Amino acid sequence: MKEPVRSDPAIETHGLVKRFGHRSAVDGIDLAVPRGTVFGFLGPNGSGKTTTIRVLLGLASANSGDISVLGKAMPQALASVLPDVGALVEGPGFYPFLSGTGNLMRLDAADRHAPSSTRRHRVDDALERVGLSHAAGKKVRAYSLGMKQRLGLANALLRPRELLVLDEPTNGLDPQGTREVRSLVRSLAAGGTTVFVSSHLLAEVEQMCTHVGVMSAGRLVAQGPLDELRAAGQAHVLVHTPDVERAAHVLSRLGLVPGDAPGTGSPWGTTAVLGTGLDGLEPEAIVAALVADGVRVRGFTVENASLEERFVSLTGEGFDVVG
Amino acid sequence: MSAETAASRNAGAPRQGKGWALLGSELSVLFRRLRTWAMLTALAAVPILIAVAVKLSSRPTTPGRGPLFLDRITQNGLFVAVTALVVCVPLFLPLTVGVVAGDTIAGEANLGTLRYLLLAPAGRIRLLLVKYAGAVAFCCAATATVTASGALAGVVLFPVGPVTLLSGDTISVGESAWRSLLIAAYITVSLLGLSAIGLLISTFTDVPVGAMAATIVFSVVSQVLDNLPQLEWLHPWLFSHHWLGFADLLRQPVSWTSFGDNAILQAGYIAVCGALAYAKFSNKDVLS
Amino acid sequence: MWWSVALARTKQRWLPALVIPFALAMAVLFGSVQAGATVSLPPRTADEILAMIARTEVRALSGTVQQTAELGLPEVPTAGPGIAPGAASALELLTGSHTARVYVDGPLKARLQIMDRMAERDVVLNGGDAWFYNSADNSATHLTAPAPSVADVRESLPAKPGPDAPSDMPVREIPTPESMASHFLAAIDDSTEVSVGESSSVAGRSAYRLSLHPRSTETLVDSIAIDVDSETGVPLGVEVRAKGQAEPAYSLAFTELDLSTPDAALFEFTPPPGATVTETAVPAKPVPTMPAPEDAPTLRHPVITGAGWDSVIALPAGSAPAELTSNPQLSQALQPVAGGRAVTTSLMSVLILDDGRVYAGMVPLERLQSAAAQ
């Protein structure tokens with residue numbers, strides 16, 4: 001049985017403003033998160049992502065603007081909406097003197113609609129899903145940051161949710177943990193849950209999300225399906241060759257803009273040349289031209305626009321890029 | 001998975017639980033904390049220390065010197081509990097209650113659990129009520145601990161017999177147990193206003209130690225002001241004004257005036273501080 | 001201002017925070033207005049009210065009385081551990097505020113409980129037996145005396161604790177508003193103008209107010225008000241005002257009153273085990289009680305000069321008890337004057353000359369000095 005597709009967005013804001021004193025942390029954003037998507041909320045640290053999440057979930061009040069979550073106006077419908085929302089906000093917060101199980105039991109008890117008869121069962125399930133069963137009885141004081149992060153995810157998964165809001169979910173996790181979170185998010189999305197993931201890591205968003213919104217200095221500078229954003233950027237070619245200067249010369253003759261390739265080294269110990277401005281040129285024609293000019297082409301790649309460039313141009317700031 | 005179950009629940013599956021689970025959880029968290037037990041142990045030690053000191057002391061205590069009834073302990077162990085309560089009321093009990101009441105909201109904010117409780121959702125008013133109920137439970141536990149430990153120490157170390165009241169009349173051991181419970185109840189009620197003040201301060205900060213210290217300072221300041229004759233007009237309004245009024249329960253017949261006045265005063269503090277705490281907390285941006 | 005911004009933004013949430021304290025303040029205000037409200041009673045003349053007092057049939061009562069003295073005496077530490085009985089204790093009762101419970105059953109049974117902070121002083125009268133108990137030092141004093149007749153009672157007025165004063169404690173000496181009022185009413189003569197004031201509410205009962213104004217200008221007393229229960233004629237409160245003082249110099253009034261017969265067990269007193277018991281036959285040691293403010297110190301062979309309000313009581317040499325000068329708390333109250341020392345309060349003055357003569361009266365000190373000079 002599949003839930004009937006609902007057209008109203010899972011999260012929608014209009015002109016949302018949150019000020020602290022005279023500083024606007026969130027400055028009039030219009031967010032639209034379609035249902036059933038994995039929405040990446042991307043932005044550098046301090047761009048207002050976490051503040052937006054706090055306001056969306058009623059932890060902080062907005063100075064102006066309208067919010068609706070799961071089709072209901074917030075914060076008026078907070079009590080009826082929050083049971084359907086699982087959240088991890090600004091890192092985990094737990095009682096160090098209680099065990100993992102004890103913490104989840106406590107937080108589940110706080111929800112008056114959570115059936116107490118199945119509490120223990122649901123807690124064990126959630127711990128199992130995030131791979132914490134072995135440490136369930138340990139005091140949280142003894143947990144590593146990664147384990148606490150997993151426990152935070154388990155808390156978000158205590159009950160079936162329509163919407164998951166995950167603020168920097170992979171913070172503090174090792175690569176293995178990061179992969180697990182990624183696959184967890186995908187499986188949840190496959191089950192129909194809308195997932196709203198905030199991150200300052202471009203690669204993470206690129207790998208997990210279907211939709212993306214970009215925050216910069218309190219403003220939402222772009223949002224939409226990931227593919228659309230990608231298409232809006234420029235494609236480029238990457239040439240691996242020891243004859244860097246000659247290749248650059250050839251590329252510029254063809255109308256491309258040569259430049260240094262990001263990242264270092266190529267599989268054959270040669271330097272790469274990046275050519276942007278691939279405007280209507282056939283890739284095979286470029287290779288032919290290079291070869292004709294005696295450039296030893298050891299590798300050739302055509303890449304769609306790097307999201308990074310796109311976001312750098314949108315935000316005017318650099319991202320932490322992780323391969 | 002989630003969509004199915006979520007949909008079926010939304011379709012009107014019976015929602016279980018009346019919300020008492022949060023209170024139960026609050027109490028279990030409070031009484032599973034090492035800190036709570038450390039404080040209760042310290043309180044329990046007060047009557048034992050008094051009893052042992054009196055037992056070991058060779059000099060008989062001069063009547064009228066030291067805390068109430070100190071001189072009677074050797075004759076009747078049942079006075080240990082009352083003497084211990086007299087000793088604990090000005091400082092030790094406010095100290096421990098200040099720690100618990102000051103920690104209510106600020107402690108959760110400091111741990112970061114406040115936002116997860118609110119997201120559960122616990123509901124802000126409900127959370128405030130449950131937190132206050134937890135503080136009240138601690139007040140009960142604290143006075144009960146001193147009373148019980150005092151009664152035990154007295155029974156073990158000293159003879160037990162009919163108890164002399166302030167009026168000079170004597171009452172049976174059973175009646176005296178009843179009066180001890182009344183005194184414990186009186187002191188618990190006395191601490192409710194302070195708890196409400198602690199709760200209120202706690203909503204203003206994310207630093208629990210600050211809220212605890214401020215609450216304890218309030219209790220000390222109130223008692224100091226209560227001793228300044230220049231401020232006599234203020235005395236009936238101080239929450240600590242009736243703290244030692246439980247002596248009225250040791251008269252024959254029992255004088256209920258103090259009990260009533262105290263209860264009304266504490267209720268006033270609960271109403272005012274509760275209203276302010278509600279207003280502050282329901283508007284608070286939880287940023288911790 | 002941060003709060004006004006918050007108020008503007010989230011008006012309705014701050015509302016209860018303002019409404020509840022406001023409502024409480026109104027309740028307190030209304031309550032205090034209510035308590036002081038005048039009561040409408042059918043008008044009575046002063047004579048009718050005096051007749052009501054004389055006719056009263058109330059013989060048993062239990063109640064709580066509040067005594068407040070603003071005599072201008074130095075504040076003495078409130079009773080409790082460390083306060084010795086005797087004159088200092090008596091002085092302590094003349095300062096500040098005291099609450100006591102009174103139980104009376106007929107002319108021979110009475111009990112007074114002075115409710116100190118964490119302590120209590122009890123006086124239990126039952127026929128010829130009188131017990132005094134002080135919880136602060138767990139001491140009891142037992143007096144045995146033949147039951148005094150009403151005539152004895154009248155004669156012994158004002159019975160006052162002193163080193164060798166007669167200390168049989170007739171029931172009427174238990175300081176209730178009733179006994180206090182009888183002192184003043186007994187003294188009504190031509191020197192006193194009696195009028196009826198505004199009726200009020202005392203201890204939840206509506207009361208007529210009888211006002212006594214001294215005609216003399218020499219006395220320190222401005223007026224005395226006696227509140228009389230409109231139903232039974234029992235005096236419910238006495239208030240003495242001094243000249244040039246806004247607050248009453250002395251007041252004694254019921255805060256609670258129940259006219260049913262108290263439990264008989266209250267008048268049976270057995271000293272508690274461990275108490276220091278002193279058995280005394282009359283005359284006995286002084287006993288702390290609530291002395292009436294107009295009472296003069298030790299009466300041995302007093303000579304009264306003048307009449308009415310401005311009379312002066314003179315005691316011959318050797319009357320001044322040694323305790324008066326040796327007790328630090330008492331000597332604190334004494335101010336040195338020419339030829340001796342004096343206590344001046346807003347209601348009365350006492351002059352103790354170095355030769356031991358004592359002069360006292362509800363008059364300014366100068367009048368005592370001129371009397372002593374004669």
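Numbers below:
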read-out	value
Criterion: of a type outside the set (Val, Ile, Thr), under 17 Å from C:Val39 (Cα atoms) and open to solvent by less than 60 Å² (accessible area, probe 1.4 Å) - qualifying residue of C:Ser216, C:Ser179, C:Ser206	C:Ser206
The one condition in (1) open to solvent by less than 10 Å² (accessible area, probe 1.4 Å); (2) within 19 Å of the chain's Cα centre (by Cα) that A:Leu16 fails to fulfil	(2)
Single residue of the range B:156-168 satisfying the filter (open to solvent by 20 Å² or more (accessible area, probe 1.4 Å) and outside any helix (DSSP H, G or I)) that is nearest to C:Ser139 (Cα to Cα)	B:Pro162
Leading residue by the ranking (most open to solvent (accessible area, probe 1.4 Å)) among those in the range A:72-96 that are part of a loop (DSSP other than H, G, I, E, B) and either hydrophobic (A, V, I, L, M, F, W, C) or at pLDDT 90 or above (or both)	A:Pro96
Single residue of B:Leu49, B:Leu34 found to be out of contact with any helix residue (DSSP H, G or I) (no Cβ under 8 Å at 6 or more places or on another chain), modelled with pLDDT of 90 or more and facing chain A (nearest Cβ under 9 Å)	B:Leu34
Which numbered condition B:Leu117 misses (of (1) free of Cβ contacts under 8 Å to residues at least 12 places away in the same chain; (2) not in a helix (DSSP H, G or I))	(2)
Residue match in the range A:28-38 (condition: of a type in the set (D, E, K, R), within 20 Å of the chain's Cα centre (by Cα) and within 12 Å of chain B (Cβ to nearest Cβ))	yes
Residue check for A:Asp111: surrounded by fewer than 23 Cβ atoms within 10 Å (Cβ to Cβ) and out of contact with any Leu (no Cβ under 6 Å at 6 or more places or on another chain)	no
Failed item, numbered, when B:Phe246 is tested on (1) surrounded by fewer than 21 Cβ atoms within 10 Å (Cβ to Cβ); (2) assigned to a helix (DSSP H, G or I)	(1)
Filtered residues of the range A:177-219 (kept if in a helix (DSSP H, G or I), of a type in the set (Gly, Ala, Ser) and in contact (Cβ under 8 Å) with a residue 12 or more places away in the chain)	A:Gly177, A:Ala189, A:Ala203
Checking C:Leu252 against (1) open to solvent by 30 Å² or more (accessible area, probe 1.4 Å); (2) more than 17 Å from C:Ser199 (Cβ to Cβ), the condition it does not meet	(1)
Test set (1) farther than 18 Å from B:Ile73 by Cβ; (2) open to solvent by less than 40 Å² (accessible area, probe 1.4 Å); (3) not small (Gly, Ala, Ser) - B:Thr147 fails condition number	(1)
Residue match in the range A:108-131 (condition: more than 7 Å from chain B (Cβ to nearest Cβ), at pLDDT below 95, closer than 24 Å to A:Arg179 by Cα and not in a helix (DSSP H, G or I))	yes
Qualifying position, being in contact (Cβ under 8 Å) with a residue 12 or more places away in the chain, in the same structural domain as A:Thr210 (by TED's automatic domain parsing) and on the phi > 0 side of the Ramachandran plot, among A:Leu70, A:Leu56	A:Leu70
Residue list for the range A:43-71, restricted to those being away from chain B (no Cβ under 11 Å), under 21 Å from the mean Cα position of the chain (by Cα) and either open to solvent by 30 Å² or more (accessible area, probe 1.4 Å) or among the charged types (D, E, K, R) (or both)	A:Asn45, A:Gly46, A:Lys49
Given (1) at pLDDT 90 or above; (2) under 24 Å from A:Leu82 (Cβ atoms), number of the condition A:Arg141 does not satisfy	(2)
Single residue of B:Phe204, B:Phe239, B:Phe218 found to be open to solvent by 50 Å² or more (accessible area, probe 1.4 Å) and either of a type in the set (Gly, Ala, Ser) or not in a helix (DSSP H, G or I) (or both)	B:Phe204
Selection status of C:Leu41, on the phi < 0 side of the Ramachandran plot and at pLDDT 80 or above	yes
Pair list, Cβ under 9 Å, 6 or more apart: the range C:254-280 residue on the phi > 0 side of the Ramachandran plot, other residue in a helix (DSSP H, G or I)	C:Gly274/B:Asp71; C:Gly274/B:Arg72
Selected residue (criterion: nearest to the other protein chains (Cβ to nearest Cβ)) from residues of the range B:260-288 that are surrounded by 20 or more Cβ atoms within 10 Å (Cβ to Cβ) and closer than 23 Å to B:Arg179 by Cα	B:Leu265
Out of B:His242, B:His235, sole residue that is within 26 Å of C:Arg101 (Cβ to Cβ) and under 16 Å from the mean Cα position of the chain (by Cα)	B:His242
Per-region count, the range A:153-176, residues within 10 Å of another protein chain (Cβ to nearest Cβ) and either among the aliphatic types (A, V, I, L, M) or part of a strand (DSSP E or B) (or both)	6
Residues located in the range B:90-123, provided they are farther than 17 Å from B:Val207 by Cα, within 14 Å of chain A (Cβ to nearest Cβ) and among the aliphatic types (A, V, I, L, M)	B:Leu117, B:Leu118, B:Leu119, B:Ala120, B:Ala122
Top-ranked residue in the range A:77-97 [being touching a helix residue (DSSP H, G or I) at 6+ places or on another chain (Cβ under 6 Å) and within 18 Å of B:Asn110 (Cβ to Cβ); ranked as nearest to the other protein chains (Cβ to nearest Cβ)]	A:Gly93
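Per-residue answers, yes or no, for (1) in a helix (DSSP H, G or I); (2) modelled with pLDDT under 95; (3) open to solvent by 10 Å² or more (accessible area, probe 1.4 Å):
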{"position": "B:Tyr132", "(1), (2), (3)": "yes, no, yes"}
{"position": "B:Ala135", "(1), (2), (3)": "yes, no, no"}
{"position": "B:Gly154", "(1), (2), (3)": "yes, yes, no"}
{"position": "B:Glu175", "(1), (2), (3)": "yes, yes, yes"}
{"position": "B:Leu181", "(1), (2), (3)": "yes, yes, yes"}
{"position": "B:Val189", "(1), (2), (3)": "yes, no, yes"}
{"position": "B:Leu192", "(1), (2), (3)": "yes, no, yes"}
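The values are calculated or read from the model by the stated rules, or taken from the named source; none is laboratory data. Values in this document were obtained by computation on a predicted structure and should not be read as measured data. All Cβ positions, glycine included, derive from the backbone under ideal geometry; neighbour counts span all protein chains shown. Areas reflect the complete protein model, heavy atoms only, side chains present, ligands, DNA and RNA absent. Shrake-Rupley method; radii C 1.70, N 1.55, O 1.52, S 1.80 Å.
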